[in-house]
Amino acid sequence: MTVLLLILSIIPLIAGILIKVLYVPASEGIDISGAHIFFTIDLPLGGLPITESQVNSWLVILSLFFFCLFLTHGLKTKNMSRRQIIAEWIVNTVDNLVKTNMGEFFMGFGPFIAAMLGLSACSSLLTLIGLFPPTSDINVTGGWALLTFILITYYKCKAGPLIYIKSFGDPVPFLAPLNIISEVATPISMAFRHYGNVLSGSIISILIANLLTNVSKMIFGFLPGYLGGFPYLRVGLPAILSIYFDLFSGALQAFIFAMLTMLYVSGGFPEDEYFKRKRIKEAKKKQQVIENTNGGV
Amino acid sequence: MNNLDVISLNIWQIIISLLNLVILFLLFRKFLFEPVKKVIAKRQEEVDSRYDSASKAEADAMELKSSWETRMKSAEDEAGAIIKEAVEKADRRNEIMLYESREKAESIIRKAKSEAERDKADAQEYIKKEIVDVSTALSEQVLGREINMDDHMNLIDDFIDNLEDQ
């Protein structure tokens, strides 16, 4: 059962590689373009193209889902397995992160932040097995940033829409346009930061690979036949660079994205106002209950 | 024309990726966070109950210990009292016995003394009588005549008295 779940969590990645090999034509030379479009569903507003980024993010979600099941299957209170220790470590780490950055009120954000970290990091790390990273598609990071924006606005409105609208006139009313721009710029900057980092990483990887191919052709070109055409310098060196551009940058961008989400959401939440209103509401409710009971008697 | 441009916005794709994140959030909450938190809470509960029972057992043991200690102390006191009593009793008995034996010894000594004295007096009487008899016979033979028995008796008595006095 345990092994089966682990295999199930690896299968989506293998499926991704198969899909890429079967359906995506290999690119020649320097070819910087977006995701490959498998087919397009007719919808208003430009139709829905099902692309590599969509498919790959679904595969990542499936993989993560089965990995979760693998980790949490057969939890015990005694004689914990190594899987359970890992699962508890993940949960505790994310919860601590949320607690220190957002406070007790936002403890429900733990799974959300974990989902954001997992989806973003795993999407970026898909480059390690040669798949198209969904995070280098502006639509994917844009969707996440939009969700963050919705959350920010929701929590800003939590203490009443009036206070939210009033906050644009802060500190002086004529700065309202600037405030609105900065409000809208938040998700856009988040989306472009993540997307740009991952995309630039893959572009640099392509450029370096091409450079190394050409250089090795220049140096080893005198060798006869196929030996001369083999890109010797591409062995090893790009792997070292990909440690930075894929592993480090991918994980760091995921962390930054989650961090910014936490800070913006908890920072925009007018805590004092909210709890003041809550107290007033509760007091009113109590009074009403007392009045009702008095009236009933 | 099979690829997207590097920057191409599509509202449906944005919505799909938004929903992807929401779905993964729900999956994580249902299948990772909830079970793990449940297990952690359960373990905490078990540990708490274990601690409770342990502290309870400790309190019981302490109570038992203190009760045993008081009992031991009272037993010690009792033992001391018993020993003291026994010693006193023995002392008393000892004294009585000593006294009794001394009495007995004294009475024996007294008895022996009086017996000895009586024997002595008897012997004196007897000797005196013998002496009188012998002296009377002797003097009769020496004098050749009958002497007054009574006078003679007195004479010898005087003599013996003088002897005794000496």
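The values are calculated or read from the model by the stated rules, or taken from the named source; none is laboratory data. The structure presented is a predicted model; accordingly, all values stated were derived computationally and were not measured. Note that each Cβ is placed from the backbone with ideal geometry, even for glycine, and that neighbours are counted across all protein chains shown. We work out accessible area using only protein heavy atoms, side chains counted, and drop any ligands, DNA or RNA first. Shrake-Rupley method; radii C 1.70, N 1.55, O 1.52, S 1.80 Å.
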Rough spin-label spacing in nm, given labels placed 7 Å along Cα→Cβ, for residue A:175 and residue A:220:
6.1 nm
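Cβ under 13 Å from residue A:271's Cβ, residue A:271 left aside: what net charge do those residues give with Lys, Arg +1 and Asp, Glu -1? The partial results should precede the final answer.
Details: positive: A:156, A:158, A:276, A:277, A:278, A:279; negative: A:104, A:272, A:273.
That sum, taken over residues with Cβ under 13 Å, equals +3.
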Please determine, in degrees from 0 to 90 and to the nearest 10, the orientation of helix A:271-296 with respect to the longest principal axis defined by the Cα atoms of chain A, where the helix direction is its Cα long axis.
40 degrees
Project the alpha carbons of region A:1-78 onto their principal axes and report the range along each, largest first, in whole Å.
54, 35, 18
Using DSSP to define loop residues, name the trypsin sites (Lys or Arg not before Pro) in region A:59-112 whose beta-carbon has at most 15 other beta-carbon atoms within 10 Å.
A:76, A:78
Where the Cα atoms of the protein assembly as shown are projected onto their three principal axes, how long is each span, largest first, in whole Å?
202, 94, 44
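Just the number, please: buried accessible area between A and B, total of both chains, 1.4 angstrom probe, nearest 100 square angstrom.
That pair of chains buries around 4300 Å² in total.
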Can you give me the C-alpha center-to-center distance between region B:96-166 and region A:114-169, rounded to a whole angstrom?
151 Å
What average number of partner chain Cβ atoms lie no more than 10 Å from the Cβ of the residues making up A:105-117?
4
Ordering of A:9-18, A:115-124, A:53-62 by burial proxy (mean other Cβ atoms within 10 Å per residue, highest first)
A:115-124, A:53-62, A:9-18
Angle in degrees between helix B:34-143 and the longest Cα principal axis of chain B, rounded to the nearest 10:
0 degrees
Within 10 Å of each Cβ in peptide A:135-141, how many partner chain Cβ atoms are there on average? Round it to a whole number, please.
6
I'd like the carbon and sulfur percentage of the solvent accessible area for chain B, probe radius 1.4 Å, heavy atoms only, ligands and nucleic acids excluded.
58 percent
What is the Cα radius of gyration of chain B over 2.2 N^0.38 Å, N being its residue count?
4.15
Counting heavy atoms of the protein chains only and a 1.4 Å probe, report the per residue accessible area for chain A as a whole number of Å².
55 Å²
Given H placed 1.01 Å from N in the peptide plane, which residues other than close sequence neighbours of residue A:38 have an amide H under 5 Å from its amide H?
A:50, A:51, A:52
In region B:25-39, which residues give up 30 Å² or more of accessible area once the other protein chains are added, compared with their chain alone (1.4 Å probe)?
B:25, B:27, B:28, B:31, B:32, B:33, B:36, B:37, B:39
At R0 = 51 Å, how high is the FRET efficiency between residue A:77 and residue A:166 if r is their beta carbon distance? Nearest 0.05 is fine.
0.50
